[in-house]
1. According to a simple spin-label model (label point 7 Å from Cα along Cα-to-Cβ), what is the distance in nm between residue 321 and residue 248?
2. Calculate the FRET efficiency for residue 229 and residue 65 from the Cβ-Cβ distance with a Förster distance of 56 Å, rounded to the nearest 0.05.
3. What distance in nm lies between label points placed 7 Å from Cα along the C-beta direction at residue 208 and residue 42?
4. Pairwise over distinct Cα atoms, reciprocal of the mean inverse distance: report the Kirkwood radius of the stretch 173-322 in Å, one decimal place.
5. For the residue pair residue 57 and residue 258, what label-to-label distance in nm results when each label sits 7 Å from Cα along the Cα-to-beta-carbon direction?
6. Is the chain best put as rounded, prolate or oblate by its Cα gyration tensor, with a ≥ b ≥ c the root eigenvalues, rounded for a/c under 1.5, and otherwise prolate when a/b is larger than b/c, oblate when not?
7. Would you mind calculating the gained length between residue 192 and residue 222 on full extension (0.36 nm times residue separation, minus the Cα-Cα distance), in nm to one decimal?
8. Please report the relative contact order for the chain, taking Cα pairs under 8 Å with a sequence separation of at least 6, and give it as a percent rounded to a whole number.
Ligand SMILES: NC(=O)c1ccc[n+]([C@@H]2O[C@H](COP(=O)([O-])OP(=O)(O)OC[C@H]3O[C@@H](n4cnc5c(N)ncnc54)[C@H](OP(=O)(O)O)[C@@H]3O)[C@@H](O)[C@H]2O)c1
């Protein structure tokens, strides 16, 4: 099969189209004929091997898993002996451990669900990682309730595009932080207020928020806590951070501070589950959430897609057509 293979860390140029064997399906897995994939920050971390701490898990000199891509949408080709909820022919979407930039991929069945019926494969493939980050970050880590004021920092990117829509679906009042060129776009996703980060620093404003979902990491914890209500919640979903530790320094600082303040500082990592994908499917099929695709690239042009993503100015998601 054709796949995008990475044999060294570096720029997007290390991502090459090669012919390799199909993956083997394990007992709890499904083999998927991939129809579409999508680009995520995780693909960039794998490609560059930065922050360096990530190499402890990925492989010190080169990645152990050589096929890139985590988000997938496609058709089930075969299932392992321990899988009961899926069968060949099912159209699914979900998150892989690795390997969706390929014609075939294997995923744990527990991280797959039936694809939303009203989406193309390209649209569906953009949902899993970013959509689950938005839903779990706001609803689960952030305990968002209807009527609360939420601020999404980084609202026009992949995760932000889902976060704005999910927050509206949960009946929150949403402030989106985005650049001027994306103001209308985030309004079209439902944002009630837009802060243009090029002109205004929201941490110096008078508005107070019950929940902040921070997808950028460009303000200190003290600055962010300053615009939270006394019992508000800060969900730290990353930021890029330094070359060695990435966002870990900031996350550790939040862990140390959290027990001593009235606000909740939530250190959050999304975890792919069929249940969360089912919840997203309901939001999508009811028209409350619609994936926003900036660009779509063919499989052979994944390096170009990752290069575009690395510029950090995508508007919504980048899809890969397989
Ligand atoms: N915790 C988890 O489990 C988890 C899971 C997935 C992703 N993440 C993290 O979430 C973060 C966002 O991921 P993503 O996929 O959404 O990235 P992305 O698609 O690259 O989004 C970047 C967006 O940020 C905007 N932006 C750039 N500088 C900004 C600033 N100073 N203030 C506000 N917005 C700014 C850009 O808009 P302009 O073009 O207008 O500048 C762009 O739309 C990443 O750091 C990633 O690691 C965490």
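A short reminder: the numbers here are calculations on the coordinates, not readings from a lab. What you see is a predicted model, and the numbers here were worked out from it, not measured in a lab. Backbone-built Cβ (ideal geometry, glycine too); neighbour counts: all protein chains shown.
1. Simple spin-label model gives 4.1 nm for this pair.
2. Working: r = 42 Å, r/R0 = 0.76.
Calculated transfer efficiency: 0.85.
3. Modelled inter-label distance: 3.7 nm.
4. Values: mean 1/r = 0.0565 Å⁻¹.
With all distinct Cα pairs of the stretch 173-322 included, I get 17.7 Å.
5. Here the modelled spin labels are 1.6 nm apart.
6. Values: a/c = 1.77, a/b = 1.48, b/c = 1.19.
Prolate.
7. Working: separation 30, 0.36 × 30 = 10.80 nm, distance 2.54 nm.
Contour length minus the Cα-Cα distance gives 8.3 nm.
8. On the way: 795 pairs, mean separation 65.8, N = 322.
In percent, rounded to a whole number, it is 20.
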